[in-house]
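Here's the structure we're looking at; comments come further down.
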């Protein structure tokens, strides 16, 4: 279910991937709550497909109360138990605890300023998917800064995926309509 316009290969096929690719991925985000959501979702994606996370995104929004860091920061054992029983999200204790930890860290930083301070200079779009790196010097530095601020599950590859999702870098393939 796609038109004939050229796209990145991952943005075709599944309607969720197509919509995400065409309307969200790579669009600059400066809102702290939305950045927090994407950082947490990128961490939740580790070891899974992004399509799995997209299918559960609405479940995450409900389970984590609209990604309100202040509310999530106050979660305790009962909330963790509730989340571990919620089929609408990935029920992984470490990833759930990471989200709570990251909410607490997010309260102490201007997340948009922190994340965007690592935006690299614009560069040409990659010609093929193989030219897209798994991480960069900037994502290593962002990962280090996030960890120093108390965030977890934000290694260089996760940080780079967030940088792509949030528009800090444009890794759409040359010729892609997005």
Answer yes or no as to whether residue 26 is surrounded by fewer than 13 Cβ atoms within 10 Å (Cβ to Cβ), at positive phi and touching a helix residue (DSSP H, G or I) at 6+ places or on another chain (Cβ under 9 Å).
no
Condition check for residue 129: over 16 Å from the mean Cα position of the chain (by Cα), modelled with pLDDT under 95 and more than 30 Å from residue 76 (Cα to Cα)
yes
Look at residue 78 and say whether it is exposed (fewer than 13 other Cβ atoms within 10 Å of the Cβ), more than 18 Å from residue 152 (Cβ to Cβ), over 15 Å from the mean Cα position of the chain (by Cα) and at pLDDT 95 or above.
yes
Search result, residues across region 132-178 that are loosely packed, with under 14 Cβ neighbours inside 10 Å and within 15 Å of the chain's Cα centre (by Cα):
134
Keeping to region 1-23, report how many residues are outside any helix (DSSP H, G or I) and either touching a residue at least 60 places away in the same chain (Cβ under 8 Å) or loosely packed, with under 14 Cβ neighbours inside 10 Å (or both).
8
Could you check, for region 41-60, whether at least one of its residues is surrounded by fewer than 17 Cβ atoms within 10 Å (Cβ to Cβ), at pLDDT 95 or above, farther than 30 Å from residue 137 by Cα and in contact with a helix residue (DSSP H, G or I) (Cβ under 8 Å, 6 or more places away or on another chain)?
yes
Can you list the helices (runs of 4 or more DSSP H) found entirely within region 68-178 that contain at least 3 residues being touching a helix residue (DSSP H, G or I) at 6+ places or on another chain (Cβ under 6 Å)?
69-73, 93-106, 111-116, 137-148, 156-165
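The values are calculated or read from the model by the stated rules, or taken from the named source; none is laboratory data. Worth saying up front: this structure is predicted, and the values here are computed from it rather than measured. FYI the Cβ positions are ideal-geometry reconstructions off the backbone, even for glycines, and counts take in every protein chain you see.
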